[in-house]
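**Q** Take a look at this one; I'll ask things after.
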Amino acid sequence: MSLTKYNQKRNFKETKEPQGKKAKSESKLIFVVQKHAASHLHYDFRLEMDGVLKSWAVPKGPSLDPDIKRLAMMVEDHPYSYKDFEGNIPKGNYGAGNVIVWDNGTYEPAEESNLNAEKQLLADLKKGHLRIVLKGKKLKGNFSLVKLKGKEDNAWLLIKKEDQYSDKVDITLKNKSVISRRTLESLEKENKPEPVKKKVSPIKKTIEENKPVAFIKPMLASLNDKPFDDEDWVFENKFDGYRTIAVCNENDIELFSRNKISFTNNFKIIAEDLKKIDHNVVLDGEVVVEKAGRSDFQLLQNYLKTGKGNLKYYVFDILNLEGNDVTGLSLLERKELLKILLEKYDFTNVFYSEHIQEKGIKFFDQAVKKNGEGIIAKRASG
């Protein structure tokens, strides 16, 4: 990636972010982690390479626990000067929200080679496996960035390796900037967003970024007599409705049954709501009509005849994003992507289907008390 995409996404008359120009450190390579409260809170993990900052968005932030693997989505390169950026990105601009420098320092390859450090890192980046040593104020020691090969193009994992700096303590609880000592909350009070005169024109996607998506046949559940507890499983509500696959291509939305029977005309209100999504995606969920907080199949049947009822689409999985099959990611990673995607939009009839981990028996008992249809169990790694 070059800095062209970075510059295209920003209106420098409205944001104080630095313009995209290449630069580099005089001696050791630097890294920076910025805590960013945009449409969703995340941490931007950046490594200096080839005159720019290679960047990954880490939704849950870094961890010092080797058993925890954090999803890291590679984004466009940022300019070297972005390393010191703190402040407010005004509403209406790309990435609108507040930013602090959560951590910074220097880094180097974890293994020696015949190449100089930067060439080795660029070679490892191309291979999809970076082994690095961080020397920051909060993050120290050996880390790996591993690309999920054969999965979504920009999906990586950030992993702490076992060493003297490994720790089970949540490092993100140290929430102050290493530059200003401010928190995001205090920054928000200082920088109330000013009204923007005009919205930034949306950037047209390239063909490579805008690959069309198509129907994917979903997996079916099998019956189980008893609920159970298992840390390797997640549990969701069972809805009494129609399993629905949404194929979203720009402004063209198609809804299908699990056997590819078209639902688009039947559920027009759902299709119209999904037009707010500006990505090509395939979603998996259930269309229901609710009454008193629970789905009712008879009411859904009546809706098909009369068009009357509170129609909702509960989405519990994402199967494809921008032409990239993401079913190779774990269920928890897909649900994390799905939640990030859906939170970007102000839907009326589309909802993210929540889940819990491990506690299936308690979740089932709650469903019984609410006269629900039951629960669905899914492998977290599936």
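**Q** Condition test on E17, is it in a loop (DSSP other than H, G, I, E, B) and of a type in the set (D, E)?
**A** Taking the combined requirement at face value, the residue satisfies it.
**Q** Pick out, from the stretch 290-382, the helices (runs of 4 or more DSSP H) lying fully within it that include 1 or more residues that are at pLDDT 80 or above.
**A** 297-306, 331-342
**Q** So is F316 farther than 24 Å from V234 by Cβ and touching a residue at least 12 places away in the same chain (Cβ under 8 Å) or not?
**A** no
**Q** Which of the residues belonging to the stretch 246-258 are part of a strand (DSSP E or B) and in contact (Cβ under 8 Å) with a residue 40 or more places away in the chain?
**A** Selection gives A246, F256.
**Q** Quick one: which of F256, F316, F235, F239 is buried (at least 19 other Cβ atoms within 10 Å of the Cβ), of a type in the set (F, W, Y) and more than 18 Å from I376 (Cα to Cα)? Lay out the reasoning, then the answer.
**A** On the way: F316 fails: more than 18 Å from I376 (Cα to Cα); F235 fails: more than 18 Å from I376 (Cα to Cα); F239 fails: more than 18 Å from I376 (Cα to Cα).
Checking each option against the conditions leaves just F256.
**Q** Here's a follow-up. Would you confirm whether or not the stretch 30-39 contains a residue that is buried (at least 19 other Cβ atoms within 10 Å of the Cβ), assigned by TED's automatic domain parsing to the domain that holds V178 and assigned to a loop (DSSP other than H, G, I, E, B)?
**A** No: zero hits.
**Q** OK, next. Would you confirm whether or not the stretch 19-28 contains a residue that is on the phi < 0 side of the Ramachandran plot, of a type in the set (A, V, I, L, M) and either under 22 Å from the mean Cα position of the chain (by Cα) or buried (at least 19 other Cβ atoms within 10 Å of the Cβ) (or both)? Before you say what the answer is, go through the steps one by one.
**A** So in the stretch 19-28, the residues on the phi < 0 side of the Ramachandran plot come out as 19-28.
Checking the rest, the ones that are also of a type in the set (A, V, I, L, M) come to 23.
Keeping just the survivors that are either under 22 Å from the mean Cα position of the chain (by Cα) or buried (at least 19 other Cβ atoms within 10 Å of the Cβ) (or both) gives none.
There is no residue in the stretch 19-28 that is on the phi < 0 side of the Ramachandran plot, of a type in the set (A, V, I, L, M) and either under 22 Å from the mean Cα position of the chain (by Cα) or buried (at least 19 other Cβ atoms within 10 Å of the Cβ) (or both).
**Q** Still on this structure, I have one more. For residues that are over 18 Å from G136 (Cβ atoms) and in contact with an Asp or Glu (Cβ under 7 Å, 6 or more places away or on another chain), scanning just the stretch 58-112, find the one that is surrounded by the fewest Cβ atoms within 10 Å (Cβ to Cβ).
**A** Applying the filter and picking the extreme gives P59.
The values are calculated or read from the model by the stated rules, or taken from the named source; none is laboratory data. Note that the coordinates shown come from a computational prediction; the quantities given were computed from them, not determined experimentally. Neighbour counts are summed over all protein chains in view; Cβ atoms, including those assigned to glycine, are modelled from backbone coordinates with ideal geometry.
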